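The values are calculated or read from the model by the stated rules, or taken from the named source; none is laboratory data. This structure is a prediction, so every number in the text was calculated from the model and none was measured. Here the Cβ positions follow ideal geometry from the backbone for every residue, glycine too, while neighbour counts run over all protein chains shown. Note: areas computed on protein heavy atoms with side chains; ligands, DNA, RNA excluded. Shrake-Rupley method; radii C 1.70, N 1.55, O 1.52, S 1.80 Å.
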Amino acid sequence: MVEYLARRTARTLVILVLASVAVFYSLRFAPGDPSGVALSPLALEEIRQAYRERLGLNKPIYLQYFTYLGHLAHGNLGQSLINGKPIGELFLYHGRNSLILGLAALALSYVIGIPLGILAAAHRNRPLDHAVMGFGALGMGIPNFWLALLLVYLFSVKLKWLPSAGCCSPKYLIMPAVVLAAEGTAVTMRMMRSSMLEQINQDFVRTHRAYGLPEWKVLLFALRNALIPIVSLTGLRLGWLIGYTLIVETIFNWPGVGYLLVESVLRRDYPVAQFFSLVLVLAVVLSSWLADILYGVVDPRIRYARV
Amino acid sequence: MVQATGPASSAADLALIRIPVHRHPVLRFLTELRRHRMALFGAVVTLTLMLFGFLAPWLATHDYARQNLLEAFQPPLRPDHLLGTDQIGRDIWSRLVYGLRTSLLVGFGVTLIALIAGTVIGTMAGYLGGWADTVLSGAVEIIWGFPLILLAVILTGAMGPGLPAVVIAVGVINSAGFARIIRGEVLALRYREFVQAARAVGATDLALIVRHILPNAMAPTLVMGSYYVALAIIAEAGLSFIGLGAQPPLPSLGTMIADGRNYLLHDHWISTIPGVTIVLLVLGLNLLGDGLRDILDPRLRER
C-alpha cells in the first residue's frame, strides 16, 4: 500500500508542476496585456511601461513563474484588476460556495443513482428497468444548460417556487445542484446497473441464493463488489463536475470559483483568471489522486499490482 | 470495423466464415443496423441534422445576421419565417441551420482531426513500446482525464473568447481519448497469430499497422468516436451559452438558446427550437454509439 501511495503521489506532484507551468505560460500569451485593463486607454506608453515593470511583466516568463510561486508561498495572492478585491478573500468566499454546490451535487448523484441502478438490475428487462434506463439516457442526452433553462422556466417563471439565480440559502442551491448532478446521476445509475448484473451472475452470489438467503441479503453481498467500479469512476466524475461547475455556476449566478473564473476571463482580469485557473487545475489533479487512493483502498488487487 | 472477414483473419475467425454471411462487410453492417431499431433511429436523426447543417447555405431563407426589429418575436409557421423570429427579428430557421453547421464543424470536424492525431500517437505508443510508450501514454493519461470545459475556459483566457479556444480544447482532449483506445488495441493485437503470420511472410511494420492492426482497432474507436462527437457538441454549445464560444453574429445552438432565456414566458420558441434540436442531436449520437457498440463489438454489449 505504501509503495502504491508513494508512486501515485509522486506522479501527482509531477503533473501538478507541469500543469501549473502550462497554465502560467498560456495566460502569458494572452492578447493585449493587463495594463490595457487597469489603465485608462489614454494612458501614455511610458506609464504603461512603468506599470508592466512594476508587475514584473517585462522579465522572462520562467522568472515571473518563480516570482509568482514565491508570492503564493508568502500568501501574497495579489488583487483583482477590476474591483481591487484581494484574491485571498475572493478565494475563501467563492471556494466555500463552490464546495457547497459540488458536494451537494455529488451526494445527490450517488443518493439517487446507486439505488436506482440496483433497482434496475434487480428488475432486469422489466418495465421498471426500462423506465430507469430511459431516464438515464435522457439525463445523459440533455445538455446541462438546457436542463437549467427548463427548470428555471418551470420552477421560477411558471410556479414561482424557486429563485432563478443568486445565492446563498438552500432555496438558491436546489436548482444548480440538481442540474450539476443530472449527468453524474445517469452515469452512476448505468454503471451501477451493469456492475450489479455482472456480480449477480457470479458463483458466490448463486451460492448465497442456493443457501436460501432472502433476495435483499443476496443483493447486499453483490453490492460490495459492484461498488468498486463506482469508486474508481469518482476521480473522473470529480473532474467533469469541476468542468461543469463553470457553466452551471455562470447560469445560476452562483458565486463560486467557476463563476469567478468565467467572469475574469471575459473581463480580462488576469491575476484572478490565473489564480483560479491554477486552483481548478489543482482541484482536478488532486481529485484524481484521491480517487486513485480510494480505488486502492477498496480493491486490494489494485493495491498490490505492479502498475 | 469488421472482424471475421478480410485478409486479417485469425484461425478462429476463419472457422466463422463457414457461416453463410459471405457478403460485403458494409452490407452486413447495414443489415444489422436495420435490425437494431434504436441505432437506426439514432443514425437517421444524426444524418438528417447533419444534412441540414451541411446544406445550410442553400436551406437558409434569410441572412442569419440580419436584424429587423419590426419583425421581432414572430411565432413559428409564418409565411416568410418558417420557425419565426428572435428578439431582434432574425430568422430562426436560417440561424438554426447555420447553428447546426457550427455544432457539426466543432463536433465532427475537430473529432475527425483528433482521430488522425490520436491514431498516430496511439499506434506509436502501442507499437514502439519502451520509453516512447512511457512518455506518450503518460501524457495521454494526464490530458485525457482533464475536463474539456475547464481547458476551453483557460484557453479562452489566453486567446480571447471565440471558437478557436473551443476547437483546440476539443481537439487536444479527443486526440488523447483516441490515442488511449488505439494504444490498447494495438497492444492487444500486435502479438495475435494473424499479425505474426503477416510478419513471418515479410510484411513491413507499416503494412502490419495499416493493413492488419488498425482495421481491427476500428470498432471500439468508432463507438467512442460517436460519444466524443456528442461531448464536443455539448461543450461547444455550453460555452457559447455562457458567452465564451461562438461570438456574434455567428449563430451557434448554444448562443441561440441563451438569446431567448429572458423571453421564456411569452416567446419560448426562441430558446425551445434550438434546445430541442441539440437534445435530438445529442440523443441521436448517443443512440448511434450504443448501437454501434452492440453491432460492431458484441463483447461490450450491456446485458
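Quick check on chain A: take the gyration tensor over C-alpha atoms, sort the square-rooted eigenvalues as a ≥ b ≥ c, and tell me if it's rounded (a/c under 1.5), prolate or oblate. Oblate shape, in that a/c is at least 1.5 and b/c is the bigger or equal ratio. Mean separation of Cα pairs under 8 Å and 6 or more residues apart, divided by the residue count, gives chain A a relative contact order of 26 percent.
Summing Lys, Arg as +1 and Asp, Glu as -1, what charge do residues with Cβ under 14 Å from the Cβ of A:Ala182 carry, A:Ala182 excluded?
Charge balance near A:Ala182 sits at +1.
Pairs of Cα atoms in the stretch B:158-221 fall into 10 Å distance bins, from 0 up to the last occupied one, in shares of 20, 36, 20, 15, 8, 1 percent. Centre-to-centre separation between the Cα atoms of the stretch A:122-188 and those of the stretch B:132-173: 28 Å.
Give me the net charge of B:Gly284's neighbourhood, meaning all other residues with Cβ under 14 Å from the Cβ of B:Gly284; Lys, Arg count +1, Asp, Glu -1.
For residues surrounding B:Gly284, the net value is 0.
Computed from Cα positions, the angle between helix B:25-35 and the longest principal axis of chain B comes to roughly 50 degrees.
Compute the acute angle (0 to 90°) between the alpha-carbon long axis of helix B:110-128 and the principal axis of greatest extent of the alpha-carbon atoms of chain B; round to the nearest 10°. Helix B:110-128 sits roughly 20 degrees off the main axis of chain B. Answer rounded, prolate or oblate for the protein assembly as shown, using the Cα gyration tensor with square roots of eigenvalues a ≥ b ≥ c: rounded when a/c is under 1.5, else prolate when a/b is larger than b/c, else oblate. Verdict is rounded for the protein assembly as shown. For chain B, the 222 nm mean residue ellipticity estimated from helices alone, with every DSSP H stretch of n ≥ 4 adding -39500 (n - 2.57) and the total spread over all residues, rounds to -21000 deg cm²/dmol.
Taking a sphere under 12 Å around the Cβ of B:Thr61 and counting the other residues whose Cβ falls inside, with K and R at +1 and D and E at -1, yields a net charge of +1. Below 26 Å, Cα to Cα, which lysines can A:Lys85 reach? Residues fewer than 8 away in the same chain don't count. The reachable lysines, counting only those whose Cα sits under 26 Å from A:Lys85, are A:Lys59. Look at the dipole of chain B built from charges on Cβ: of B:Met218, B:Leu283, B:Val167, the Cα furthest out on the positive end belongs to B:Met218.
Measuring nothing but how far apart in sequence close Cα pairs (under 8 Å, 6+ apart) lie, relative to its length, chain B scores a relative contact order of 24 percent.
Accessible surface comparison of A:His130, A:His94, A:His208, probe 1.4 Å, protein chains only, largest first: the order is A:His130, A:His208, A:His94. Residues in the stretch B:206-211 carry Karplus couplings, in order, of 4, 5, 4, 5, 6, 8 Hz; the curve used is 6.51 cos²θ - 1.76 cosθ + 1.60 with θ = phi - 60°, and Gly or Pro positions show x. Within 10 Å of the Cβ of each residue in B:274-283, the mean number of Cβ atoms contributed by other protein chains is 3.
The Cα center of the stretch B:231-269 and the Cα center of the stretch B:81-105 differ in position by 11 Å.
Among A:Tyr110, A:Tyr25, A:Tyr65, the sequence by solvent-accessible area, most first, with a 1.4 Å probe is A:Tyr25, A:Tyr110, A:Tyr65.
Charging the Cβ of each Asp and Glu at -1 and of each Lys and Arg at +1, and nothing else, the dipole of the protein assembly as shown about its Cα centre rounds to 1340 debye. Against chain A, whose longest principal axis comes from its Cα atoms, helix A:45-55 is set at around 50 degrees. For the stretch A:174-251, averaging the sequence separation of C-alpha pairs within contact (under 8 Å, six or more residues apart) and dividing by the residue count gives a relative contact order of 43 percent. Peptide B:154-166 has a mean of 5 when you count, residue by residue, the C-beta atoms of other protein chains within 10 Å of its C-beta. Centre-to-centre, using Cα atoms only, the stretch A:196-241 and the stretch B:39-54 are separated by 38 Å. Would you work out which of A:Phe24, A:Pro41, B:Thr119 lies farthest towards the positive end of the dipole of the protein assembly as shown? Charges go on Cβ: Lys and Arg +1, Asp and Glu -1. Final value for the positive-end residue is B:Thr119.
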